[in-house]
Amino acid sequence: VEKALIECLGRHPLLSEPELAAVLRLDLRVVRRAVERATALSLIVRVERPGDHCRRYCLGSAGLRSLAVRDGVPVRRYARHAGLTALPAGDGDRVPTLLHQYEHTTGANSFFIALLDSPAGGPQLLSWLSAADSAIRFESGGRRRWLRPDGAGNLRLGDESFPFLVEWDRGTERVAVLGTKLVRYAEYYQARRTAGAGYSALLFVTTTPQREDLVWKIAALVFRDATACLRTTTASLLIRLGPSDAVWRTETGPDRAQWPTTDRTTHRLPRRYAE
């Protein structure tokens, strides 16, 4: 359990004990005992922020060394290439982005945790890639570019699979920054189209319906026909109804629908519930 725990926190930092129990599919009491032992050995580190009212954990430097030894890789090389996030050992060392952007990381985590709790018959989460693991390198205009979503995954509904990328927008980025991000997604979708490859849906979670309007206005300018890949919603709707409900807005208008859907599961959320 402790091995699974430190591996999980390396991939997905800032999970709480209940969230770890959901991801590892273990009883909460078992997870709590493992967390106590791993914390005592400095394999993981407890992180608390005022106002969060929740104890969260991340991989510690001892845990990173343990995983490096397990895989037979020097720890410095392992830290650079393994795609893990760990709290640095020294006070002067740079804190990794996923830990520095506390609210952003915990928000993106909450989306995937909610998918794990999908109702029976709903979409099932097959995979969850962290921000570090979901980075994509692609060719656009003869140049190599990087796309860095906040996470990626794959859902199964019936006999179909639905790959997706996640952007968790806290509404703090300036319009120019938001536009630059959406332009990069547009370049990625154009590259996929040129290569004749399949698309992953872009699930864009933001703060308010007004911020959604802004996302759609920019997308209309830069996405061209790739707007069919875009779905948007707000964090408050996700908290209230869950990601499997009719919370997703599409290019067809302000009404909201489920995603993913099959012919048997499609239904829409009336506009009076959209905000």
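The table below gives the values:
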| quantity | calculated |
| --- | --- |
| Any chance V31 is surrounded by 17 or more Cβ atoms within 10 Å (Cβ to Cβ) and more than 17 Å from A86 (Cβ to Cβ) | yes |
| The listed residue being open to solvent by 20 Å² or more (accessible area, probe 1.4 Å) and of a type outside the set (V, I, T), out of L67, L87 | L87 |
| Flag for T233 being open to solvent by less than 20 Å² (accessible area, probe 1.4 Å), at pLDDT 95 or above and out of contact with any Ser or Thr (no Cβ under 7 Å at 6 or more places or on another chain) | yes |
| Any hit, region 36-52, residues being touching a Lys or Arg at 6+ places or on another chain (Cβ under 7 Å), open to solvent by less than 80 Å² (accessible area, probe 1.4 Å) and at pLDDT 90 or above | yes |
| Residues of region 150-177 satisfying the condition of being surrounded by 19 or more Cβ atoms within 10 Å (Cβ to Cβ) and either more than 22 Å from E7 (Cα to Cα) or among the hydrophobic types (A, V, I, L, M, F, W, C) (or both) | A152, L155, L157, F164, L165, V166, E167, W168, D169 |
| Residue tally, condition open to solvent by 20 Å² or more (accessible area, probe 1.4 Å) and over 26 Å from S161 (Cβ atoms), over region 182-217 | 10 |
| Helices (runs of 4 or more DSSP H) contained in region 1-102 and holding at least 2 residues under 29 Å from S118 (Cβ atoms) and within 20 Å of the chain's Cα centre (by Cα) | 2-11, 17-24, 97-100 |
| Evaluation of P119 against (1) closer than 22 Å to A21 by Cβ; (2) out of contact with any helix residue (DSSP H, G or I) (no Cβ under 8 Å at 6 or more places or on another chain); (3) not in a loop (DSSP other than H, G, I, E, B) (one fails), failing number | (3) |
| Subset of region 126-149 (residues that are assigned to a strand (DSSP E or B), aliphatic (A, V, I, L, M) and either without any contact (Cβ under 8 Å) to a residue 24 or more places away in the chain or open to solvent by 30 Å² or more (accessible area, probe 1.4 Å) (or both)) | L126, L129, I136 |
| Only one of Y102, Y78 that is more than 29 Å from L203 (Cα to Cα) and among the hydroxyl-bearing types (S, T, Y) | Y78 |
| Lone qualifier among G179, G242, G253 - being small (G, A, S) and modelled with pLDDT under 90 | G253 |
| Answer from A176, A191 - the residue that is among the hydrophobic types (A, V, I, L, M, F, W, C), over 17 Å from A114 (Cα atoms) and either in a strand (DSSP E or B) or touching a strand residue (DSSP E or B) at 6+ places or on another chain (Cβ under 7 Å) (or both) | A191 |
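Okay, residues lined up against (1) touching a helix residue (DSSP H, G or I) at 6+ places or on another chain (Cβ under 7 Å); (2) closer than 19 Å to A219 by Cα; (3) among the basic types (K, R):
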| site | (1), (2), (3) |
| --- | --- |
| A152 | no, no, no |
| F164 | no, yes, no |
| R170 | yes, yes, yes |
| A176 | no, yes, no |
| A201 | yes, yes, no |
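The values are calculated or read from the model by the stated rules, or taken from the named source; none is laboratory data. Predicted model only: the values in this text are computed from it and were never measured. Note that each Cβ is placed from the backbone with ideal geometry, even for glycine, and that neighbours are counted across all protein chains shown. Heavy atoms of the whole protein, side chains included, go into the accessibility calculation; ligands, DNA and RNA do not. Shrake-Rupley method; radii C 1.70, N 1.55, O 1.52, S 1.80 Å.
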